[in-house]
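Notes follow the structure.
Nothing in this text is a laboratory measurement; each read-out follows from the coordinates by a stated rule. Owing to the predicted nature of the structure, the values given are computational and were not obtained by experimental measurement. When we count neighbours, we look across all protein chains shown, and the Cβ atoms used for this are built from the backbone with ideal geometry, even at glycine.
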Amino acid sequence: MGKSKSKKGTDSKSKKKRGFGASVSNTVKHNTDSLRSGRAISLEFFKRNAWLVIAIITVLIGVMGLRYRTKTRMSEIKQLNKELQRAESDKLHEKAWYMTLIRETELTRLTTEKHLGLRYQEEPPVVIECEGLKPTSNQ
């Protein structure tokens with residue numbers, strides 16, 4: 001058969017990790033083990049992981065700022081939607097009033113053009129009461 005290799009040589013190479021990622025993973029593993037065992041977070045933890053603590057705090061502050069900005073912009077959007085609805089309602093009201101004026105002007109022009117003798121009455125009709133007769137309603 002072939003030559004048998006010693007497991008000691010392969011085990012020592014696989015256990016030995018190199019680089020920044022390996023040291024970070026070892027530190028994280030060590031810290032989680034110490035927290036699980038019930039030891040309080042020491043000053044050494046903060047000394048070793050100051051960059052991690054600062055990064056986490058920065059991310060949390062950024063997320064809070066983003067949430068605040070989102071909420072303020074959502075309230076501004078709601079306010080602008082209400083203003084838009086009011087403006088559309090006002091536009092429809094003004095359009096209806098304009099159309100009424102156009103129809104009225106057009107009718108006045110046609111009656112004068114055809115010499116019908118009709119005119120727009122500015123005052124409401126007056127009811128004349130006579131003795132013995134009751135006024136009739138036209139409604």
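Given a Förster distance of 25 Å, report the FRET efficiency between Thr100 and Leu80 from their Cβ-Cβ distance, rounded to the nearest 0.05.
After rounding to 0.05, the efficiency reads 0.25.
For region 98-110, in order, what is each residue's ³J(HN,Hα) by Karplus, 6.51 cos²θ - 1.76 cosθ + 1.60 with θ = phi - 60°, in whole Hz (x at glycine and Pro)?
4, 5, 4, 5, 5, 4, 5, 5, 5, 5, 4, 5, 5
Any idea how far apart Leu116 and Arg48 come out in nm if each label point goes 7 Å out from Cα toward Cβ?
Simple spin-label model gives 9.9 nm for this pair.
Pick out, in residue order, every one of the GluC sites (Glu not before Pro) in region 68-139 that is DSSP loop and has at most 14 other C-beta atoms within 10 Å; say none if there are none.
Qualifying residues, ordered by number: Glu122, Glu129, Glu131.
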